[in-house]
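Student: Structure in structure tokens, see below.
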Amino acid sequence: MKMHKSRVSSGHKNVHILLNRIRRAIPFHHRTKKRVCVILNPSAGQERPTLKILNQVFHHAGYEWGIEITNTFGDGKRLAQKAIASGVDAVAVYGGDGSIMDVAGGMINSGIPLAVLPGGTGNVLAVELGIPRDLRTACELVVHPQRKLRPIDAGAIGKQVFLLRLSLGLEATVIEMASRELKDHLGILAYGVAFFHAVGAARASQYEMLIDGTEVKCEGLDCIIANAGNLGLPGIDISPNISIDDGFLDVYIIRKVDLDGIISLAAHMVGSKYNIESMPHWRCREISVSADPVQSVQADGDVIGNSPVQVKILPGALKMVVPDYGLS
């Protein structure tokens, strides 16, 4: 009897392998159903996604769909690569900006659309791209016949990518201080609390930068290398001149070492008229930065290490699913 069960199990395994091979071999336009893979970070945000909603939307639209769970950073990239190799028509990620960054790393220049189902604390990329916060509406966007695919740039630090911004110094310290427990308790306000704690510990560093081959030295509390300008609130940007699809990185140095200057920057983040363009600013395609003393480095809301860093732009590297119709 045990031998019989083993044979049946082995047979089922072989059938699944054969079906996957057939799916990969059949061109997309010959398939009866389109396929979407949802990659989910179970620790993102303050609420869990509703699998019932995912199933209702994708099943009603005639999509085959499956779900993959991440356990640690790096899983998103691996699972995205696995989904693309299996022949999916789209990959959707439920999580925050760090989760999206992770998944995007496995999709660079693949041509497969990446959809965002906002599930994090800040959801800055979703705001940048106009993606609805409501889970059902965001899911409906993935399958909507009038959706739009927008090519966007990505920044690259070695083999890792980011979509929003990378920074050295004060912002990375804020993110280190905004613990998971604090974010679960306060939501996006956790970053404000962490900011005012980080101000007391902020120390200036001497930056040595190579910007598109030109050497630059200056002192600052924070070095921002931005691919996108949004800070997570509609209409609130680092600068209106930063674009996520212009083929350039925008570099800003925050030199304000006195408390009044830092508070002015905080006021800018909630909508004041503080003129960030008065700070040193460069536009480039490639930059390397070292800091003395060494500073922490964050990318898209996750601390990824310490300075120095080497960053370059990857123009049009991702196709994002974005709205192209009226959303209620």
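The values are calculated or read from the model by the stated rules, or taken from the named source; none is laboratory data. All values derive from a computational prediction rather than experimental measurement. Here Cβ is always computed from backbone atoms with ideal geometry, including for glycine, and neighbour counts include all displayed protein chains. Side chains are part of the model used for accessible areas, which takes the heavy atoms of the whole protein and leaves out ligands, DNA and RNA. Shrake-Rupley method; radii C 1.70, N 1.55, O 1.52, S 1.80 Å.
Student: I'd like the residue in region 274-296 that is assigned to a strand (DSSP E or B) and modelled with pLDDT under 95 and, out of all such residues, is least open to solvent (accessible area, probe 1.4 Å).
Tutor: This residue is Ser296.
Student: Another question, if that's okay. What pairs come out if I take residues in region 86-107 that are on the phi > 0 side of the Ramachandran plot and pair them with residues that are hydrophobic (A, V, I, L, M, F, W, C) whose C-beta lies under 6 Å away, six or more apart or interchain?
Tutor: From residues that are on the phi > 0 side of the Ramachandran plot, the pairs are Gly95/Ala44.
Student: Look through Gly74, Gly62, Gly105, Gly111 and report the one residue that is over 13 Å from Cys37 (Cα atoms) and crowded, with 18+ Cβ neighbours inside 10 Å. First the steps, then the outcome.
Tutor: Details: Gly74 fails: crowded, with 18+ Cβ neighbours inside 10 Å; Gly62 fails: crowded, with 18+ Cβ neighbours inside 10 Å; Gly111 fails: crowded, with 18+ Cβ neighbours inside 10 Å.
After ruling out the rest, the residue left standing is Gly105.
Student: Got at least one residue in region 150-173 being touching an Asp or Glu at 6+ places or on another chain (Cβ under 7 Å), outside any helix (DSSP H, G or I) and of a type in the set (Ser, Thr, Tyr)?
Tutor: Within region 150-173 (the criterion being touching an Asp or Glu at 6+ places or on another chain (Cβ under 7 Å), outside any helix (DSSP H, G or I) and of a type in the set (Ser, Thr, Tyr)), the answer is yes, since at least one residue qualifies.
Student: Which of the residues belonging to region 297-328 are open to solvent by less than 60 Å² (accessible area, probe 1.4 Å) and without any contact (Cβ under 8 Å) to a residue 40 or more places away in the chain?
Tutor: Correct list: Gly305 only.
Student: Still on this structure, I have one more. Only one of Ala190, Ala202, Ala194 is within 17 Å of Asp292 (Cβ to Cβ) and either at pLDDT below 65 or surrounded by 13 or more Cβ atoms within 10 Å (Cβ to Cβ) (or both); which?
Tutor: Details: Ala190 fails: within 17 Å of Asp292 (Cβ to Cβ); Ala194 fails: within 17 Å of Asp292 (Cβ to Cβ).
On inspection, the qualifying residue turns out to be Ala202.
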